[in-house]
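I have placed the structure first, in the form of structure tokens, so that the comments after it can refer back to it.
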Amino acid sequence: MSESKGLKAKHQRLVLVSLALIALVGAGLLASWGLRNQANYFYLPDQFVAAPPPVGQAIRLGGMVAEGSIKTLEDGVTVSFIVTDQKEARVPVLYTGILPDLFVENSGVVADGSMDAKGVFVAEELLAKHDENYVPKELEEMSQHQAAKMAQETTVGLD
Amino acid sequence: MHAFANPTRFLKLASWLTPLLLVGGLVLVAISLVWGLFYVPPDRLMGETVRILFIHVPAAWLGMGGWSAIAISSLVYLVWKHPLAALAARASAVPGMVFTAVCLATGSIWGRPTWGSWWVWDGRLTSMLVLLFLYAGYIALAQASARDGGSYKIPAIFGLVGAINIPIINRSVVWWNSLHQPPSITVGKSAIDPAFLVPLLIAVLGFSLLFGGVVLARMRALLADFQAEARLRRKAMEAA
């Protein structure tokens, strides 16, 4: 095989593999786009308000626990709270059972359950959703300036 | 590129680079884990469980990095036919799969106290589990083709096709509502406090060096296998 011929075959393979990759990525993106509404792990409060699910249908609700909405009922094991999208939509939720450690107001929550006839979401399982922020306990109460200073001190001697 | 494709030159390079990567990686991993497990303050919400971050994140990074290495090496093999590229892809599979399994296991252990569940079928967790299965399939395919003395062509195609899962894992928490939180570290920005971020980055670097060292060691072993086999075959020919 001459040098020019070998080079040609190499380029031909490069073009073929590139075309195959483009087709593959395109197919993957199309599939993901087709799944965009089906592959969600939960529905948001505004989706619940816009199109309420049928009573009794198993569904997951996810959002933020509204500030000041967590109330323990008289039986001591049932809590009621409101899940919101931080805008208009609010869905009242009832849950009986042990609460996850991270279940607090203004934090994410995913509830597994169904709507009852009164428009209340009755949860059978409660999952706490963690946000993307990682902050040390001591830093939470500090001002920005103090926090930056302390962070600087912790990382001293690294470089 | 051709300079590195020469096995003799590669062996010369790998003979000092392998121990360097392994030792460097071990030192950095030791520093970051001691720091992360004993000296980092507890998180505001998760408390002490935040310490699993220093294993979970590097494992996730290298689980995806392993398949990226397979895909890039496979591409190089398919186009330029470098035998060393096929070797690099084969050598990346087992360490990549181990890190993927570690990522899933630590994530599950972490999920129980923070979310309240060992496992949920959300986009991120499911696509990561798919990656584990892809690794298993790839390893079986690469072994089978090597045993028959066949070419690396079919595993290479599988490695390229499987790469479509990598951006899906990465984007899964952005495209779909998921229980797993969105990315904490994006280009030029971090939602992780420096108290956690600095040991985390050291851990990621350390585990990456270890990964590189293991891949090089495996490539050398595979190469030695081929050479031993070729020598045996030649001896058998001479004896006959």
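What follows draws every value from the coordinates through simple rules; no lab data is involved. If you're wondering where the values come from, they're calculated on a predicted model, not measured in any experiment. Reconstructed Cβ throughout: ideal geometry from the backbone, glycine too, with neighbour counts over all protein chains shown.
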Count of Lys pairs (Cα-Cα under 23 Å; at least 8 positions apart or interchain) in the protein assembly as shown: 18
Inter-centroid distance (Cα atoms) of region B:187-240 relative to region A:64-92, Å: 51
Along region A:24-38, what does the Karplus equation 6.51 cos²θ - 1.76 cosθ + 1.60 (θ = phi - 60°) give for ³J(HN,Hα), rounded to whole Hz, x for Gly and Pro? 5, 5, x, 4, x, 5, 4, 4, 5, 5, x, 8, 4, 9, 8
Taking only the C-alpha atoms, wrap a convex hull around region B:95-240 and report its volume per residue in Å³ as a whole number. 142
Residue by residue through region B:113-122, what is 3J(HN,Hα) from phi via Karplus (6.51 cos²θ - 1.76 cosθ + 1.60, θ = phi - 60°)? Round to whole Hz and write x for glycine and proline. x, 7, 8, x, 8, 5, 8, 9, 8, 8
Arranged by the count of other C-beta atoms within 10 angstrom, fewest first, what order do B:R233, A:R60 take? B:R233, A:R60
Quick one: the Cα spread of the protein assembly as shown along its three principal axes, in angstroms, biggest first? 92, 53, 38
Region B:14-27 - phi-based ³J(HN,Hα) in whole Hz, Karplus 6.51/-1.76/1.60, Gly and Pro as x: 5, 5, 9, 6, 4, x, 4, 5, 5, 5, x, x, 4, 4
Quick check: the angle from helix B:153-162's long axis to the longest principal axis of chain B, C-alpha only, nearest 10 degrees? 10
Exposure proxy ranking, count of Cβ atoms within 10 Å, fewest first, for B:I139, B:I168: B:I139, B:I168
Treat region B:1-158 as a sphere of radius equal to its Kirkwood radius over Cα pairs and apply Stokes-Einstein at 25 °C in a medium of 0.890 mPa s; give the translational diffusion coefficient in µm²/s, rounded to a whole number. 138
Hydrodynamic radius (Kirkwood) for region B:72-167, which is based on Cα pairs only, to one decimal in Å: 14.5
